[in-house]
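The next block holds one structure in the form of structure tokens; read it before the comments.
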Amino acid sequence: MGMRVGLVGLAAALGVPLLFACVPPEAAVDYGDPTSLATPTEDDGIVAWVVSPRLADELETATPEIVIGAYTKPPEKDSKDANDASDAPYKPLQVLIGRLEKDASGVDRAVDLRQAVPEGKPGQEQRFRLEVPLSHGSNRLLVRIETRDRSRVRRIVYPLAYAGDNPGLNLSVRVPSEQALLDGKVCSETSESAANVFATKLVCVSGNVTTLDGVSAEAVVGLSGSERSRVKLSDDGHFELGLRLPSNAEGVIEAQITDELERTTTARVNVIQDSKPPSLEITSLVRETSQASIEIEGKVRDRHGIAAIEIETATGAVQRIGTSSPFRAQVLLAVGSNNVTVVARDIAGNERREQLSLSRVRTLWLDSPKRDVGVSQIEVDRFALDDLLTPEDQQSLSLVSIDLAPSVKQALERIREPERFGVNTSAWGPAERNMQRLLNMTPDNADLTGTSVEKLLEIAGAVGLPPQRMLAEILDVGVTDYIVAPETTAEVLMDQLIGTHPAVQRDATGAYVIDVSLYDVFQDMRTIAPRFGPSGAHPGFLEGESQAKVIEP
């Protein structure tokens, strides 16, 4: 119940009622209109809907084929040059379908995301298909739709309820950690895979079986076309085992569940074992320049997809280029030799690295001396300049003002969806978890206990109007839409926390900025954290040490 107290001020500042305190156990979801799944909705320029099944509840099959319709909304005619066809008419999409479950702390997390198979060309008629196993009762289907360059990403939750006679099943295939493989306990520590492509040959297969009226069941699991193993179900219907995949090949993992009345459900998951790194070719030939930067061009290929292309410097700095091939990037150079590494990483985690030695030469122009030219140019390194200017002079020379709003918004987006950005949440405390709950709050999962609208929604439920639907109508959002956007939260944090710090300034546009002086640069930015930490009655907004090498010797 501590969250209600900790978030009262923030919720009031956001202009919304405080809708939850502690997250309750998940209940059966009722969205009112069972045909709403087929209604197209739009967000971030992506239109999507469920083509099949059309009903949200009372499905009779435990392994329905989910068919998603999705396409990118074409840009406005006046928004771009008519000759620019980069956005016309539709962008290729990738659709991942999985489940949304609550972890031990009550926070929603995405599990078992698998890539749906596209049919047809990008456009309003394109469909994406995937067979998804369901357990009895409520299932929250998570659909993540994104363009190949991830410039547009949409996340939708659809409710499905299975009420058939055959056994129900949630089936997971996960990646064991290196320590789990060393210990011989494949399922002791695992993580999600990207589109079920695995670099390891040994994977953890687990599932949760449900039956009607407590009927017992048994399970056999294995690769299609190979001998399958009988696995033991726990009292709550859980099973897990390690399974070896064929090297660099595609396969299908099957789990067959049979109850004591001989009713059978078979769930399948397509998997790919990929231990081959992507191919990487540097096509640019220039390695030496007198300019401050040099352009690197190249091509990357991988059969199953590229997760990242990066350039690492000898100092450990990483320049992220994206996932598209061919690629092109400008690399900043210090005078002299610069060693960099181009890294291509596929979605299974395999890497290909290419080291480059780049050089920036210094050009000296000699000419006859001229009298009374007015200005003499000198060149000094950072150490000579540090000796030339006193600390007071360095502090008086402002180099750049950094707008804090984009960084705060990005941080909040990573708190809301840590799995999407690869954020390690193992060290999170109550503050981070509470903020994540606020950012993930929807009319579907909001707890209204103790609020001023609790009685109103109880009356709504009594007359047959689902409280979730009524709350969505009050707030003018969808049932599974976020109530508080990261932009709104960032604006509140800027106004009420960061903007009230005595060391924070405002630029000419009114934006809150951090002013970086020459002294900060010479101190390798170690002065930033103490300056914006606790100050008088203000708690500060930076914690710990800060360090960044901005300039080379």
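Close Cβ contacts (under 7 Å, 6 or more residues apart or on different chains) running from residues in the stretch 231-254 that are on the phi > 0 side of the Ramachandran plot to residues that are in a loop (DSSP other than H, G, I, E, B) comprise N248/D274; N248/S275; N248/K276.
Between L285, L280, the distinction of being without any contact (Cβ under 8 Å) to a residue 60 or more places away in the chain and either closer than 30 Å to S325 by Cα or among the hydrophobic types (A, V, I, L, M, F, W, C) (or both) belongs to L285 only. For the stretch 387-421, the set of residues classified as in contact with a helix residue (DSSP H, G or I) (Cβ under 9 Å, 6 or more places away or on another chain) and part of a loop (DSSP other than H, G, I, E, B) consists of L389, L397, L404, E417, listed by residue number. Here is the figure for the stretch 277-319: residues that are at pLDDT below 90, exposed (fewer than 15 other Cβ atoms within 10 Å of the Cβ) and not in a loop (DSSP other than H, G, I, E, B) total 1. Inspection of the stretch 46-69 finds no residue satisfying the criterion of being modelled with pLDDT under 85, over 28 Å from G207 (Cβ atoms) and not in a strand (DSSP E or B). The set of residues in the stretch 253-276 being not in a strand (DSSP E or B) and not polar (S, T, N, Q) consists of E260, L261, E262, R263, D274, K276. With respect to T480, determine if the residue is over 28 Å from N445 (Cβ atoms), among the hydroxyl-bearing types (S, T, Y) and part of a loop (DSSP other than H, G, I, E, B). Against the criterion (over 28 Å from N445 (Cβ atoms), among the hydroxyl-bearing types (S, T, Y) and part of a loop (DSSP other than H, G, I, E, B)), T480 does not qualify.
Within the option set T451, T480, being among the polar types (S, T, N, Q), touching a residue at least 40 places away in the same chain (Cβ under 8 Å), over 17 Å from V157 (Cβ atoms) and surrounded by 17 or more Cβ atoms within 10 Å (Cβ to Cβ) holds for one residue only, T451. When residues in the stretch 453-464 are screened for being over 21 Å from N440 (Cβ atoms) and touching a helix residue (DSSP H, G or I) at 6+ places or on another chain (Cβ under 9 Å), 4 of them pass.
For (1) touching a strand residue (DSSP E or B) at 6+ places or on another chain (Cβ under 7 Å); (2) within 26 Å of L412 (Cα to Cα); (3) crowded, with 17+ Cβ neighbours inside 10 Å, each residue gets a yes or a no:
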{"position": "G464", "(1), (2), (3)": "no, no, no"}
{"position": "D476", "(1), (2), (3)": "no, yes, no"}
{"position": "D507", "(1), (2), (3)": "yes, yes, no"}
{"position": "G510", "(1), (2), (3)": "no, yes, no"}
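Taken as a whole, the structure leaves N440 outside the set of residues that are under 24 Å from L113 (Cβ atoms), open to solvent by 100 Å² or more (accessible area, probe 1.4 Å) and not aromatic (F, W, Y).
If you go through the stretch 320-336 and pick out every residue that is at pLDDT below 90 and in a strand (DSSP E or B), you end up with 4. Filtered by the rule that a residue be assigned to a loop (DSSP other than H, G, I, E, B), of a type outside the set (D, E) and closer than 27 Å to D213 by Cβ, the stretch 130-180 gives V132, P133, L134, S135, A163, G164, N166, P167.
Counting only residues that are crowded, with 17+ Cβ neighbours inside 10 Å, of a type in the set (S, T, N, Q) and assigned to a loop (DSSP other than H, G, I, E, B), the stretch 87-129 holds 1 of them.
D495 falls short on exactly one of the conditions (1) under 30 Å from G336 (Cα atoms); (2) open to solvent by 70 Å² or more (accessible area, probe 1.4 Å), and that condition is (1). The residue that is farthest from the chain's Cα centre (by Cα), counting only those in the stretch 52-70 that are on the phi < 0 side of the Ramachandran plot and among the acidic types (D, E), is E60.
The values are calculated or read from the model by the stated rules, or taken from the named source; none is laboratory data. What you see is a predicted model, and the numbers here were worked out from it, not measured in a lab. FYI the Cβ positions are ideal-geometry reconstructions off the backbone, even for glycines, and counts take in every protein chain you see. To get the accessible areas, we keep the full protein, side chains included, count just its heavy atoms, and leave off ligands, DNA and RNA. Shrake-Rupley method; radii C 1.70, N 1.55, O 1.52, S 1.80 Å.
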